[in-house]
1. Kindly evaluate Gly167 against the criterion of being at pLDDT below 90, under 23 Å from Gln75 (Cα atoms), touching a strand residue (DSSP E or B) at 6+ places or on another chain (Cβ under 8 Å) and surrounded by fewer than 13 Cβ atoms within 10 Å (Cβ to Cβ).
2. Is it fair to say Ala98 is closer than 15 Å to Ser34 by Cβ, modelled with pLDDT of 95 or more and outside any loop (DSSP other than H, G, I, E, B)?
3. List the residue pairs whose Cβ atoms are under 7 Å apart, where the first residue sits in region 216-241 and is touching a residue at least 40 places away in the same chain (Cβ under 8 Å), the second is of a type in the set (Asp, Glu) and surrounded by fewer than 22 Cβ atoms within 10 Å (Cβ to Cβ), and the two are 6 or more positions apart or on different chains.
4. Which condition number in (1) touching a residue at least 40 places away in the same chain (Cβ under 8 Å); (2) closer than 23 Å to Cys86 by Cα; (3) out of contact with any Cys (no Cβ under 8 Å at 6 or more places or on another chain) is the one that Val185 fails?
5. Being in contact (Cβ under 8 Å) with a residue 12 or more places away in the chain and either loosely packed, with under 13 Cβ neighbours inside 10 Å or out of contact with any Asp or Glu (no Cβ under 8 Å at 6 or more places or on another chain) (or both) is the requirement here; does Ala150 meet it?
6. Select from region 221-265 the residues that are under 20 Å from Ala279 (Cα atoms), at pLDDT 90 or above and of a type in the set (Lys, Arg) and list them in ascending order.
7. Going by the conditions given, is Asn145 among the polar types (S, T, N, Q) and at pLDDT below 90?
8. Filter region 57-87 for residues that are out of contact with any helix residue (DSSP H, G or I) (no Cβ under 9 Å at 6 or more places or on another chain) and either crowded, with 19+ Cβ neighbours inside 10 Å or not in a loop (DSSP other than H, G, I, E, B) (or both) and give the result.
Amino acid sequence: MPRPVAKRTALLLPNPSRLREIDGSADLVLMKPSYLGGGDCPGAHRHARGQFLFPRHGRFRVCIEGQSWLASSSQAVWIPAGALHCVRPLEDTEIHNAYLCPDICRTLPGEPTAMGVSPLLAELIAFGLTPAACCRGPDCGRVANDQGEAEARRLQQVVADQIRRAGDRPGLHVPTSEDVRLAPVLRRVMDNPADNRPLEDWAETAHLSSRTLSRLFLRETGMTFGQWRQRVRIIEAISRLGEGQPVLTVALDLGYASQSAFTAMFRKMTGRTPSEIRARRRGA
């Protein structure tokens, strides 16, 4: 049974002292947790360090400069240094963060990327958050004595190596928009990808004509409504399959009438079957 989300001890919004701690740390890799509730909406911010983050428990989306990325326990998101981003939890979520120094960032992608989380990497970061590996003072993540400091440094180097080896995961982001007419529709579709209502119904909900809403989708996302919703469903499916959910369950939850219809769509969009993705993620 999954461990319940720990009581929150981190601020929902990175206050100036937290940001200074992250950006001013001397660590190669600074590891810190965050705790967010399902209804929380932290504001947008940026770091001088690159950030590797994934949910230890729960799921969340990361909005990074016009793109939405979905994260799960097997699916991390890499945020390059300086990228404006915000995190939106889909449920109560415990997030494990690793903030990497500029020298290490130069060996990682320069754009936001979905990355795999191996069991080894997940446990290394979890250990890096324990009192045995770090302290909770101004130099969080470091220990006072020389031997402990050397051990912490070696742990950080191993974590950095594992992140470099994590590899990217294609097709796990979707365009978003700040247009006040379109953004609420995008959010509602992402919150419920199984909703099969046609464009005309969404236009009525948004108090727009279907032609206007169709033009907004093309202009803001570069996709038609149908293409955009299908991509949202693919992203949701890959995340769920990576958590080990059965293919049939995922297919029905996303609004497909049968597993075969879902598999045909999935193969057409990704070049793989859902079972192949599920097996690959579980073996990551």
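1. yes
2. Answer is yes for this residue.
3. Cβ pairs passing all conditions: Glu220/Asp179.
4. All conditions are met except number (1).
5. So Ala150 fails the test.
6. Arg233
7. Yes: the conditions hold for Asn145.
8. Within region 57-87, His57, Gly58, Phe60, Val62, Cys63, Ile64, Gln67, Val77, Ile79, His85, Cys86, Val87 qualify.
The values are calculated or read from the model by the stated rules, or taken from the named source; none is laboratory data. Everything quoted here is computed from the prediction, not taken from an experiment. Positions of Cβ are generated from backbone atoms using ideal geometry, with glycine treated the same way; all protein chains shown enter the neighbour counts.
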